[in-house]
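To keep things clear, I will list the structure first and then write my remarks on it.
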Amino acid sequence: MSERRSYEELAARLRDLQAHWVVRGRAAEELVQGDDQVRALELLIEALRWEPDGGARSMIVATLGRFRDARALMALAYALEHDADQEVRAEAAQALGDMGDTGAMDALIAALDDTHAIVRARAVVALVKLDDPRAHSPVQTLTEDPNDEVRIQARLALRRWGLQHD
């Protein structure tokens, strides 16, 4: 059985930009399991600003989704709207849906216009989880999206909401 690492050790691993991005991402994942949740949340939010690797940022974003905190929601919404990496934005959409907080509605609806299909599709799935009627009309427009996966997710969402019966 592995020994639990201290906050200080995990924070040092997360900050070590010479380490492989997976090491930094795993440190982020372990931080959420520690006893110092307040410091862990603050460090993870900061790490989104300085972490250069999209893979590590994706792992950080997924970890932030485990927090049920307004600061995590704001950091995830910012990542969804502004991160340069489509995988990070897609992971942020998923994390926001998993949080289940309708405070993410505006960011998720805006993500329906993302240039990358994976982000649009994950935003639809997240909006289904939030089950808020404000998403119905924007998702309806995606039934004509040029990407198959986005169209499928939009149609599934409308069925789940009882708005399409084909």
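The numbers here are math on the coordinates, done by the rules we state, and not lab data. Note that the structure is a prediction, hence the values are computed from the model and not measured. Here the Cβ is made from the backbone with ideal geometry for all residues, glycine too, and neighbour counts use every protein chain on show.
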Mind checking the dipole of the chain: about its Cα centre, +1 per Lys or Arg Cβ, -1 per Asp or Glu Cβ, Debye to the nearest 20? 260 debye
Listed peptides 46-59, 84-97, 130-143, 110-123 by packing density, highest first (mean Cβ within 10 Å): 84-97, 110-123, 46-59, 130-143
Rounded to the nearest 500, what is the 222 nm mean residue ellipticity of the chain from helices alone, with -39500 (n - 2.57) per DSSP H run of 4+ residues and division by all residues? -20500 deg cm²/dmol
From the backbone phi of region 22-33, what are the Karplus-calculated ³J(HN,Hα) couplings (6.51 cos²θ - 1.76 cosθ + 1.60, θ = phi - 60°) in whole Hz, Gly and Pro given as x? 5, 4, 5, x, 5, 4, 4, 4, 6, 4, 5, 8
Could you point to the residue in ALA47, HIS20, VAL32 farthest towards the positive end of region 1-64's charge dipole, with +1 and -1 charges on the Cβ of Lys/Arg and Asp/Glu respectively? HIS20
Sort all Cα-Cα distances of the chain into consecutive 10 angstrom bins from zero, then give the percent of pairs in each bin up to the one containing the longest distance. 11, 38, 29, 16, 6, 0
Residue-by-residue Karplus 3J(HN,Hα) for region 143-152, coefficients 6.51, -1.76, 1.60, Hz, glycine and proline x: 5, 10, 4, x, 9, 4, 4, 5, 4, 4
Scalar couplings 3J(HN,Hα) for region 98-103 by Karplus 6.51 cos²θ - 1.76 cosθ + 1.60 (θ = phi - 60°), nearest whole Hz, x for Gly and Pro, are 5, 5, x, 9, 5, x
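Give the calculated FRET efficiency between ARG39 and ASP113 to the nearest 0.05, with a Förster radius of 30 Å applied to their Cβ-Cβ distance.
Working: r = 36 Å, r/R0 = 1.19.
Once the sixth-power term is evaluated, E becomes 0.25.
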